[in-house]
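What follows is a set of notes on a single structure, which appears directly below.
The values are calculated or read from the model by the stated rules, or taken from the named source; none is laboratory data. Because the structure is a prediction, the values reported are computed rather than measured. All Cβ positions, glycine included, derive from the backbone under ideal geometry; neighbour counts span all protein chains shown. The area values use the complete protein model at the heavy-atom level, side chains included, leaving out ligands, DNA and RNA. Shrake-Rupley method; radii C 1.70, N 1.55, O 1.52, S 1.80 Å.
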Amino acid sequence: IGVLGAILGGAIGSAIVIFIGKIPQPVRVPGVPPDPLFPGLVTPLIVGGTMAAAILITVIASVLPARQAANLDPVDVIRGA
């Protein structure tokens, strides 16, 4: 689930940044092309690093509770103690 979320998040986030980056500022000087209103930079390093961080957080968030549950006695858990 973490890998799928990271891939979808990277793709959707990159698309949003690219789309928003295409919105031009109002023309100030006639004949000069306007700069983007919200300049953004999407590089494979940034997207890959963000995806790796998302996967790492998912692994940590799933391993820690699983370790705690593995140390519990099943009989005590069923009894509610």
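Could you list all residues from the range 29-81 that are of a type in the set (A, V, I, L, M, F, W, C) and touching a helix residue (DSSP H, G or I) at 6+ places or on another chain (Cβ under 6 Å)?
PHE38, VAL42, VAL47, MET51, ALA54, ILE55 - these are the residues of the range 29-81 that are of a type in the set (A, V, I, L, M, F, W, C) and touching a helix residue (DSSP H, G or I) at 6+ places or on another chain (Cβ under 6 Å).
What number of residues in the range 56-81 are charged (D, E, K, R) and either outside any helix (DSSP H, G or I) or closer than 23 Å to GLY5 by Cβ (or both)?
2
Restricting the range 31-55 to residues that are open to solvent by 100 Å² or more (accessible area, probe 1.4 Å) and under 15 Å from the mean Cα position of the chain (by Cα), which is farthest from ILE7 (Cα to Cα)?
Selected residue: LEU45.
Output the residues belonging to the range 64-74 that are aliphatic (A, V, I, L, M) and open to solvent by 70 Å² or more (accessible area, probe 1.4 Å).
Across the range 64-74, the qualifying residues are LEU64, ALA70, LEU72.
Go through the range 9-30 residue by residue and tally those that are exposed (fewer than 11 other Cβ atoms within 10 Å of the Cβ) and either at positive phi or assigned to a helix (DSSP H, G or I) (or both).
Residues flagged as exposed (fewer than 11 other Cβ atoms within 10 Å of the Cβ) and either at positive phi or assigned to a helix (DSSP H, G or I) (or both) within the range 9-30 amount to 1.
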